[in-house]
Amino acid sequence: MSTPLYLLVALMTGALAIAAGWLVMRLVSPLLGVEAQGRRLERRRVRRLARGEDRYFEELRSIDAAIEQNAKMAAMPRDNWRRPTFLLLLPFTTLVAGMLALDWIASAFGRGGLPAWTAAISTNAVFFLLGVSYLAGPNSFPKSPAAGWAVGGTLILIGVAGAAHTLNHLPHS
């Protein structure tokens, strides 16, 4: 497969993978989402209060702490896809997801037909993409922005170094 065709197929495969992941999350959210967890915690608290006073008062405190944490998570904005960082990284994320999917599918069928450089790029691009998202996301480490820069820079270096190492050891044609 030629490189332009591979990139086109990877982009389409990545778009399908991301759309399928989004659909699964939307279908599973009523069962496992923040609201469902809040309802389960409230039912657990009601059952605990119905038992009356006993020596396990810590259980009620832990349930209340979990309810408070769940309320904080429910209050967080759900529109992460509208953030500029996400929108800028979406095409690259789609391409990397497609490359990983194609690499996985091709390895299951003997890796025939893929360009040789894909072995180096597909896996190491994940590190690079995570590093860029840490650097681009202003709230990645809210208490210590320097830690976000350090983690992002380290992930980028790991991705670039891994890709360079793998590309350097590919058989030359």
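The values are calculated or read from the model by the stated rules, or taken from the named source; none is laboratory data. Because the structure is predicted, anything quoted here is derived from the model rather than measured. Cβ: placed from backbone, ideal geometry, glycine included. Neighbour counts: every protein chain shown.
Numbers at a glance
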quantity: Pairs, first in contact (Cβ under 8 Å) with a residue 24 or more places away in the chain in segment 157-168, second surrounded by 16 or more Cβ atoms within 10 Å (Cβ to Cβ) and aromatic (F, W, Y), C-beta under 6 Å, six or more apart; calculated: I158/F127; G159/F127; G159/F128
quantity: Helices (runs of 4 or more DSSP H) lying entirely in segment 17-129 (those with 1 or more residues that are touching a Ser or Thr at 6+ places or on another chain (Cβ under 9 Å) and at pLDDT 80 or above); calculated: 34-50, 84-108
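One line per residue, one yes/no per condition, for (1) closer than 26 Å to T118 by Cβ; (2) in the same structural domain as L90 (by TED's automatic domain parsing); (3) surrounded by 13 or more Cβ atoms within 10 Å (Cβ to Cβ):
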{"site": "V9", "(1), (2), (3)": "yes, yes, yes"}
{"site": "W22", "(1), (2), (3)": "yes, no, no"}
{"site": "Q37", "(1), (2), (3)": "no, no, yes"}
{"site": "L41", "(1), (2), (3)": "no, no, yes"}
{"site": "L49", "(1), (2), (3)": "no, no, no"}
{"site": "G52", "(1), (2), (3)": "no, no, no"}
{"site": "A65", "(1), (2), (3)": "no, no, no"}
{"site": "Q69", "(1), (2), (3)": "no, no, no"}
